[in-house]
Structure formats: C-alpha cells, structure tokens
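The values are calculated or read from the model by the stated rules, or taken from the named source; none is laboratory data. What you are looking at is a predicted structure, and each value in this text was computed from that prediction instead of being measured. Note that we place each Cβ from the backbone using ideal geometry, even for glycine, and neighbour counts take in every protein chain shown.
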Amino acid sequence: MAQVPHTAPRDEVRVHVAGYEGVLSARKAAREMAVKLGFTLADTTRVTTAVSEVARNIARFAWSGVVVLRAEHSHGTPALTVEAIDSGPGIADPSLVVEDGYGTADSLGLGLSSARRLMDEFSVVSRAGDGTTVKMRKSA
Ligand SMILES: Nc1ncnc2c1ncn2[C@@H]1O[C@H](COP(=O)(O)OP(=O)(O)OP(=O)(O)O)[C@@H](O)[C@H]1O
Ligand SMILES: [Mg+2]
C-alpha cells in the first residue's frame, strides 16, 4: 500500500551555479518561487536580492555550486528556504564575513551582511578548505 506522507508536499528547485549565468538562473528561480508563494513585491525583491548575493559569491569565490530553493508551509504560513552550497575554498572565520565591509580588497563586502538583513533567518557554515553552505529562510 502506498505510504501517505505526514508532511505537506514541498516544492524544491535546484539551480546549478557555474559562473554568472547561474547567478541569473538562481535569481529567476527565487523570484518565481516567491511570487508563487504569495510574497509581496517588496519581500520578493528582498529574497531575490539575497539569493543573488549568495549565488554571486559561489560564482566568484568557488566558481561552482548549487542553490536549493524550497517552498514550505508551516502552520499555514508560506516560507521560502535557501541553501547555497559549494565545495570552494571556504571561509576561515564565517562570523566575521557576515559583518559589513568584510570583503576582499576589491569589493565592498556587503553581500552577506545584506542577505542576512533581508532574510528572517541566516547562517553560514564554512571552514577554510572545506566549502561553504549558506542557509536562509523567509516567511511570507
Ligand atoms: N562561497 C564562498 N566561498 C568562499 N569565500 C566566500 C564565499 N562567500 C563569501 N566569501 C568570503 O566572504 C567575504 C564576504 O562576502 P560578501 O558577499 O559579504 O562580500 P564580497 O563578495 O567580498 O563583496 P560584495 O558581495 O559586496 O560584492 C568575501 O570577500 C569572501 O572572502
Ligand atoms: Mg559577495
């Protein structure tokens, strides 16, 4: 007999990011999912910007990785979760880079700190030499 799932079905979109075209694909997928979930225009823009920043970091620092977007419903409230995963060089001290202005010499270093402000939940798990995973979540 078929098993009845206990949780509501979740939509998942995986975007492979390898270079800047992947950044555009991740942006587009995030925008579509936010609209589908009923996010306001302002929140759709926030999510799209945050996803763009983490995807841009993958393209720039790790060259390739994946952005996983999930549409969830907890207690009737739609939410969008994001995981940006790469196997690049990693970050020696993730707690520092989420502060404003901790970029490399030729950039502003505002991407991760902005993404953190734009989303409800935000975390960076990384170690030098061990890749990086950024997790974010925003409820509608
Ligand atoms: N996926 C990643 N892999 C390795 N290092 C990363 C990654 N993402 C961020 N970093 C490191 O964290 C720093 C801060 O990232 P952040 O996105 O805030 O700034 P930036 O990319 O340098 O500049 P901006 O995003 O403002 O153009 C980067 O300069 C880089 O050293
Ligand atoms: Mg950046």
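Points worth noting:
- Neighbours by Cβ (under 7 Å, 6+ apart or cross-chain): first from the range 82-107, touching a residue at least 12 places away in the same chain (Cβ under 8 Å) and closer than 30 Å to residue 72 by Cα; second surrounded by fewer than 17 Cβ atoms within 10 Å (Cβ to Cβ) and among the charged types (D, E, K, R): 90/127; 90/130
- Scanning the range 60-73 for any residue that is under 17 Å from residue 11 (Cβ atoms) and surrounded by fewer than 14 Cβ atoms within 10 Å (Cβ to Cβ) turns up nothing.
- Extreme residue, nearest to ligand 2 (Cβ to nearest atom), among residues of the range 39-66 that are touching a Gly at 6+ places or on another chain (Cβ under 9 Å) and hydroxyl-bearing (Ser, Thr, Tyr): 52
- Options 77, 104, 7: the member that is at pLDDT below 95, more than 14 Å from residue 134 (Cβ to Cβ), within 13 Å of ligand 2 (Cβ to nearest atom) and β-branched (Val, Ile, Thr): 104
- Single residue of 88, 129 found to be within 9 Å of ligand 1 (Cβ to nearest atom) and assigned to a loop (DSSP other than H, G, I, E, B): 88
Yes/no matrix, rows are residues, columns are (1) among the polar types (S, T, N, Q); (2) outside any loop (DSSP other than H, G, I, E, B); (3) within 15 Å of ligand 2 (Cβ to nearest atom):
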position: 84; (1), (2), (3): no, yes, yes
position: 92; (1), (2), (3): no, no, no
position: 99; (1), (2), (3): no, no, yes
position: 109; (1), (2), (3): no, no, yes
position: 117; (1), (2), (3): no, yes, yes
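- Matching residues, the range 67-84, being in contact with a Gly (Cβ under 9 Å, 6 or more places away or on another chain) and more than 9 Å from ligand 1 (Cβ to nearest atom): 67, 78
- Scanning the range 42-58 for residues that are more than 9 Å from ligand 1 (Cβ to nearest atom) and closer than 15 Å to residue 85 by Cβ yields 51, 55.
- Among the residues of the range 23-43, those that are surrounded by fewer than 21 Cβ atoms within 10 Å (Cβ to Cβ) and not basic (Lys, Arg) comprise 24, 25, 29, 32, 35, 38, 40, 41, 42, 43.
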